[in-house]
1. Using 0.36 nm per residue of separation minus the Cα-Cα distance, give me the extension gain between B:Leu311 and B:Asn73 in nm, one decimal.
2. What translational D, rounded to a whole number of µm²/s, comes out for the range A:11-100 from Stokes-Einstein when the hydrodynamic radius is the Kirkwood one over Cα pairs, at 10 °C and 1.306 mPa s?
3. What are the radius of gyration and Dmax of the range B:1-119, computed over its Cα atoms and given in Å?
4. So what J values fall out for the range B:171-186 if you push phi through Karplus, 6.51 cos²θ - 1.76 cosθ + 1.60 with θ = phi - 60°, rounded to Hz, Gly and Pro as x?
5. When the chain is fully extended, how far beyond the present Cα-Cα distance does B:Gln119 get from B:Ser263, taking 0.36 nm per residue of separation?
6. Using a simple spin-label model with points 7 Å from Cα along the Cα→Cβ vector, what separation in nm is obtained for B:Leu369 and B:Asn256?
7. Which number do you get for Rg(Cα) / (2.2 N^0.38 Å) in the range B:366-431?
8. Describe numerically, in nm with one decimal, the distance between label points set 7 Å from Cα along Cα→Cβ at B:Ser406 and at B:Glu449.
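The values are calculated or read from the model by the stated rules, or taken from the named source; none is laboratory data. Please read these numbers as outputs of a predicted model, since none were measured by experiment. No Cβ is skipped: glycine too gets one built from the backbone with ideal geometry, and neighbour counts run over all protein chains shown. For the accessible areas, the whole protein counts, side chains as well, though only heavy atoms, and no ligand, DNA or RNA atoms are used. Shrake-Rupley method; radii C 1.70, N 1.55, O 1.52, S 1.80 Å.
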Amino acid sequence: MTTLAEVSKNIRSKNAGPFWATIDIFFDDKQHFEHASQNLQTQVVAAQLQVAENQLKRFDLADILVIKISFPRPIVQGHISDRDMHGAQYAWLLSDIPLD
Amino acid sequence: MKTSILIPSGVLGLGFDKAALERGMDKNPDAICIDGGSTDSGPFYLGTGTSKYSEAVTRSEWKDLMLARAHANIPLIIGSCGTCGTQQTVDWMYKLTCDIAQELGQSVRIARLYSDQNQDHLVTQINNQNISALPPLNDLHATTVKRCTNIVALAGIEQINQALDTGADIILAGRTTDTAIIAALPIQRGAHEGAAWHGAKIGECGALCSTNPTSGVIMIEFDELGFTVQPLAQGACCTPHSVSAHMLYENADPINLTEPGGSLNVAEAVYTAVDERCVRVTGSQWIPGTSYTVKLEGAGLCGYQTSALVLLRQPHYVANASQWCNKLSTFLVQQISERMNIASSDYSLEFRLIGVDATLGNLETQNSLPAEVGVLMLVTAQSQSMATDIARLCNPFLLHFPLTESESLPTFAFPYSPAESERGAVYEFLLNHVLELQHPMDAFKLQVEDFSA
């Protein structure tokens with residue numbers, strides 16, 4: 001089983017304004033990018049983030065070998081229930097997603 | 001005509017390489033532009049109208065930039081003054097600017113651009129159907145507007161150019177889009193609009209678009225066809241990849257960026273290495289909007305918080321931390337009701353298990369056993385005294401609560417005394433809406449002063 005972390009160079013996440021977060025998955029080369037682009041299921045990502053699949057925006061950017069996934073934050077940034085002000089830890093939820 | 005903008009760093013207060021700034025000034029820029037804010041540090045700053053950065057550090061960096069500006073006699077522009085871009089933080093920067101000008105013997109024209117929005121005016125705008133929601137929020141109601149302690153609108157290039165037209169040496173802008181302060185002058189001087197907005201987005205975080213993200217200073221040269229970006233720190237390089245990848249940063253959509261008056265589309269942008277350090281970009285498009293809209297940001301008080309931290313080290317409690325916490329929570333809610341006569345609807349009591357799932361909460365997928373667990377208790381109530389009093393009731397149970405009745409009384413670790421800490425007022429972001437304007441200056445106010453040392 002290959003995981004997204006094994007195939008990618010770097011996975012990062014960050015707020016995109018207080019109400020959205022975005023995850024950028026970087027790849028070293030075209031082969032790894034294409035493998036992930038074809039095998040990463042948006043539905044599985046949505047389940048990991050507990051966000052409805054139709055709320056996710058996905059961009060597979062072949063020119064820069066990046067898959068970008070944006071989603072409404074499950075909890076608005078800075079709300080008293082928010083645990084990560086900058087939204088930088090969502091990235092780790094994608095590491096173990098299997099690609100096979 | 002070429003227009004060069006020097007960007008010392010992604011935000012005032014973050015620090016920049018002074019040698020790189022000097023190198024940039026030697027290249028004769030037409031303006032120095034720096035961002036002063038962001039929502040990224042949370043709602044507290046907009047809620048209170050304060051800056052997140054140290055005043056001493058801000059003063060020292062601003063002094064360097066004021067010296068560089070005076071030497072070259074070019075405009076110095078800061079957007080979103082003091083993190084949140086409210087009147088209070090614009091005036092804070094104004095005072096710092098006057099103090100420094102006095103100290104340096106500088107006579108300067110200072111323009112202040114205010115982005116604050118009046119609540120009653122916004123309620124009228126709701127009724128006139130001039131405010132619409134951005135996803136994921138719904139329609140704005142007057143009650144939400146009234147809950148905000150501060151509301152700002154994000155200015156675009158039109159308001160910055162109005163300030164430039166006053167002949168101001170220094171522009172202290174309230175909330176603006178990160179890009180507007182950089183794009184304004186190039187567009188005023190006839191640069192390609194798509195290139196101006198795109199270059200501004202690439203440059204808004206300083207050297208983050210280069211291979212040495214923390215080196216700060218970059219320069220962007222705009223013209224009628226495109227823009228060229230170069231980092232100024234020794235050893236830093238911009239590559240077609242480092243530049244194009246910056247469109248991803250803190251951006252939900254890497255292709256389209258909505259700005260006041262239209263949107264930027266970079267689908268057809270072409271990134272070319274000029275040499276090993278500089279990148280040339282052409283093909284970006286500016287698509288004018290059918291109406292002129294500005295985004296609103298607002299934050300409101302949601303209570304007062306008191307926190308406490310207790311550490312579990314005993315293996316039995318580390319292994320059963322979640323269960324312990326759930327039992328403790330139920331017990332405390334009952335105690336608060338019985339002994340303090342405070343209903344659970346009047347406060348919130350939350351526990352976060354550091355070492356278990358404090359960061360991701362119910363999204364966490366890992367479940368390995370740590371050596372110890374930190375239990376962060378957060379009490380939020382309508383007043384600070386109520387929050388602290390509740391935390392004081394909780395104190396002995398945080399220290400000694402047994403998992404089962406059959407076991408001996410445990411004692412956990414409080415890392416300091418008193419165990420509870422008052423966090424003060426806590427705020428939340430309440431607005432994600434746009435306001436339609438008939439004229440770009442309708443929601444903004446410009447004030448110009450000539451300061452003589």
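1. 79.9 nm
2. In µm²/s, the coefficient rounds to 119.
3. Computed over the Cα atoms of the range B:1-119, radius of gyration and Dmax are 14.4, 46 Å.
4. These are the phi-based 3J(HN,Hα) values: 10, 9, 9, x, 4, 9, 5, 4, 7, 4, 5, 7, 6, 4, 5, x Hz.
5. 49.1 nm
6. Here the modelled spin labels are 5.3 nm apart.
7. 1.43
8. 7.4 nm
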